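What follows draws every value from the coordinates through simple rules; no lab data is involved. In this text the structure is predicted, and so the values were computed from the model without any measurement. Methodologically, a virtual Cβ is constructed for each residue, glycine included, from the backbone with ideal geometry; neighbour enumeration extends over all protein chains shown.
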Amino acid sequence: MATYAMLTRLTPEAVKSPSDLVRLERSVSDRIRKECPQVKWVANYAILGPYDYLDLFEAPDETVAAKVVMIVRSFGHAQTETWTALPWERFKQLIAA
């Protein structure tokens, strides 16, 4: 499976209290588990900077990864940026002469 890094920035209207964040996270993750059962979550981080969260997940292909991203966006609370990530060892194999 391929690894994807998804950066998420919440909109100012997304949450009004910390408990809203917990409910939102539960709703999003429940829907992803239901609609994309083949996705494996690797790590989730709250981060400082222009984005609020970094999620690392594995998906069988870019179509399933795109579905995950669209589910997150469908809640109307966030903007996302998603990248494919190659493990360093695999990258070294690709560039070896």
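The slack between LYS40 and ARG26, meaning 0.36 nm per residue of separation minus the straight C-alpha distance, is 3.4 nm. Labels on offer are (i) 27, 16, 10; (ii) 22, 17, 14; (iii) 18, 16, 15, and the one holding semi-axes √(5λ) of the Cα gyration tensor in Å computed from this structure is (i). What do you get for the angle between helix 62-74 and the principal long axis of the chain? Use alpha-carbon atoms, 0 to 90 degrees, nearest ten. Tilt of helix 62-74: around 20 degrees.
Taking the Cα centre of the chain as origin and charging only Cβ (+1 Lys, Arg; -1 Asp, Glu), how large is the dipole, in debye to the nearest 20?
So the dipole magnitude of the chain works out to roughly 160 debye.
Over the chain, what is the mean sequence separation of C-alpha contacts under 8 Å (at least six apart), divided by residue count, expressed as relative contact order in percent? For the chain, the relative contact order is 46 percent. Comparing Cα centroids, the range 15-48 and the range 58-97 end up 16 angstrom apart. Quick check for you: which residues of the range 17-44 have the amide N under 15 Å from the point 7 Å beyond the Cα of GLU58 toward its beta carbon? Output list for this probe position: 37-44.
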